[in-house]
Amino acid sequence: MKKLLTLLLLSLFISQTYAQQTNTKDSLTIRSIYDTALLHGKSYDWLDHLSNEIGGRLSGSLEAEQAVKYTEAELKKLGLDKVWLQPVMVPKWTRGVKEYAYIETAPGLSTTTDVCALGGSVPTPALGLKAEVIEVQGLEDLKNYGKEQIEGKIVFYNRPMQANLINTFEAYGGCVDQRYAGAMEAAKYGAVGVVVRSMNLRQDDLPHAGSMSYGDTPAKDRIPACAISTNGADYLSRALKIKPDLKFYFKQNCKTFDDVQSHNVIGEITGTQYPNKYIVVGGHLDSWDLGDGSHDDGAGCVQSMEVLRLFKEINYKPKHSIRVVLFMNEENGLRGGKKYAEQAKLKNEQHIFALESDAGGFTPRGFSFDTDAENFKQIESWKPLFEPYLIHSFVKGGSGADIGPLKDDKIVLAGLRPDSQRYFDHHHAANDTFDAINKRELDLGGATMASLVYLIDKYGTTTEMTDVKN
């Protein structure tokens, strides 16, 4: 009995010692990742070029193709094992001449206001569109007015983002349906146009773009849709209370063309032990055209590129093959994410983990995970390794739009979660520009992503380990 107890104690001691040594080694590797990123990071320089030399990268545009060529060339400079372009057909929609709008409270008495066409909208008639306005607080409010009150009018969706929600993405999710489906639903009641309050928690004069859909609405019944700034929305709402029969005028010149070919940009470090098992890090290379797409999602792209660069820099040789994927067309179609998943399935590629950065280049706070309880438990056990870098939020639920199509019952999906309080000040607006980027915050995001990828690569996922045992 005494001998058995001694053996058990010895086994426990050896196990604890090994765990401590492993933990120390992981801590040192992660320290090296952060040191390299903060002292010799490349993300900021890459983003400077994407933002200031290329600019907004709407799918199908010349700028989007310039971004493809630039990032492909930069990945080749890193000395990766493979770099290639994956063809994908994408929609081509152009804004045309800048939009114009005014609020007319009496003949000859009007106030101009700031609007922008929503992505995918049809144009107004050549001379613009002017009609009376009916204000609603969301899609569900349409039925309260009915066709009798809505027909022939412009529907003004004025539900704001809920300011008392700490998670601003939750606030965004609570009202973005009026932007995406507003025109489709209003057309059913005979509306002639749609004006949508910008998805923005701040009061300013900047309208925010974003995608919208007509669903199966026949082409002849599609109505133009624009976003109005938060200041403009508040002014219009106040004016309607005083003058319910005022008229709103807007003119937009957007146009939809046939699909064109573009590309996902992919780079790979081939795994030393499991070359046919893949870990993906990525962001979307396209952006809206009002700003230069620095936060959405130039930041996510360069942070993902930085993950592979950091591994090369510290001479870390991953067990699994690690890919960076810069997806095309997340903003108005998700064609790049769907194409990558489609090709992965056709090739029977086994993806064990995918991480996306598409929430801005602000200070990283942690990650969200779309996975089962066992995988999440393992990942949570690594939290102490991140605490020195103030990374503390590990939550279940959500990952990223581009990696979503990879979802199956084996892969672990994750999203980088930066501080979100300022994100929607810039999201899809003209002030999503390079001057809003903080280099240190951007570099911390890339290092945080690389650290998680390192741990996943070293220890695998619990799903993967179960498959190996079986």
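A few remarks follow.
- Of all residues assigned to the stretch 86-101, at least one qualifies as being touching a Lys or Arg at 6+ places or on another chain (Cβ under 6 Å) and surrounded by 21 or more Cβ atoms within 10 Å (Cβ to Cβ).
- The set of residues in the stretch 300-351 being under 16 Å from GLY282 (Cα atoms), assigned to a loop (DSSP other than H, G, I, E, B) and in contact with a Phe, Trp or Tyr (Cβ under 7 Å, 6 or more places away or on another chain) consists of GLU331 alone.
A quick yes/no check of all residues on (1) crowded, with 16+ Cβ neighbours inside 10 Å; (2) in a loop (DSSP other than H, G, I, E, B); (3) under 24 Å from the mean Cα position of the chain (by Cα):
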residue	(1), (2), (3)
SER121	yes, yes, yes
MET161	yes, yes, yes
ARG179	yes, no, yes
VAL194	yes, no, no
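- Across the stretch 24-78, the number of residues qualifying as of a type in the set (Phe, Trp, Tyr), closer than 24 Å to GLY333 by Cβ and under 19 Å from the mean Cα position of the chain (by Cα) comes to 0.
- Qualifying residue in the stretch 250-260 (condition: in contact with a Ser or Thr (Cβ under 8 Å, 6 or more places away or on another chain), over 16 Å from ALA131 (Cα atoms) and in a helix (DSSP H, G or I)): no
- From the options GLN252, GLN261, GLN303, GLN273, residue that is at pLDDT 95 or above and closer than 30 Å to ALA191 by Cα: GLN252
- ALA186 falls short of the stated requirement of being in contact (Cβ under 8 Å) with a residue 60 or more places away in the chain and either under 25 Å from ASP141 (Cα atoms) or in contact with a Gly (Cβ under 7 Å, 6 or more places away or on another chain) (or both).
- Of all residues in the stretch 164-177, those satisfying the criterion of being touching a residue at least 12 places away in the same chain (Cβ under 8 Å) and part of a loop (DSSP other than H, G, I, E, B) are ASN167, GLY174, CYS175, VAL176.
- Subset of the stretch 137-168 [within 15 Å of ALA225 (Cα to Cα) and of a type in the set (Val, Ile, Thr)]: ILE154, VAL155
- Counting the residues of the stretch 451-470 that are outside any loop (DSSP other than H, G, I, E, B) and open to solvent by 30 Å² or more (accessible area, probe 1.4 Å) gives 8.
- Residues in the stretch 336-368 that are polar (S, T, N, Q) and under 18 Å from ALA450 (Cβ atoms) were compared, and the one that is farthest from the chain's Cα centre (by Cα) is THR363.
- Candidates ALA225, ALA219, ALA183, filtered to the one that is open to solvent by 10 Å² or more (accessible area, probe 1.4 Å) and farther than 30 Å from SER368 by Cβ: ALA219
- Yes/no for THR29 being open to solvent by less than 20 Å² (accessible area, probe 1.4 Å), at pLDDT 95 or above and not in a strand (DSSP E or B): no
- Number of positions in the stretch 123-153 that are surrounded by 19 or more Cβ atoms within 10 Å (Cβ to Cβ), more than 30 Å from the chain's Cα centre (by Cα) and assigned to a helix (DSSP H, G or I): 1
- For LEU334, the conditions (1) on the phi > 0 side of the Ramachandran plot; (2) crowded, with 23+ Cβ neighbours inside 10 Å are fulfilled apart from (2).
The values are calculated or read from the model by the stated rules, or taken from the named source; none is laboratory data. As the structure is a prediction and not an experimental result, all values here were calculated from the model. Backbone-built Cβ (ideal geometry, glycine too); neighbour counts: all protein chains shown. With ligands, DNA and RNA removed, areas are computed over all heavy atoms of the protein, side chains included. Shrake-Rupley method; radii C 1.70, N 1.55, O 1.52, S 1.80 Å.
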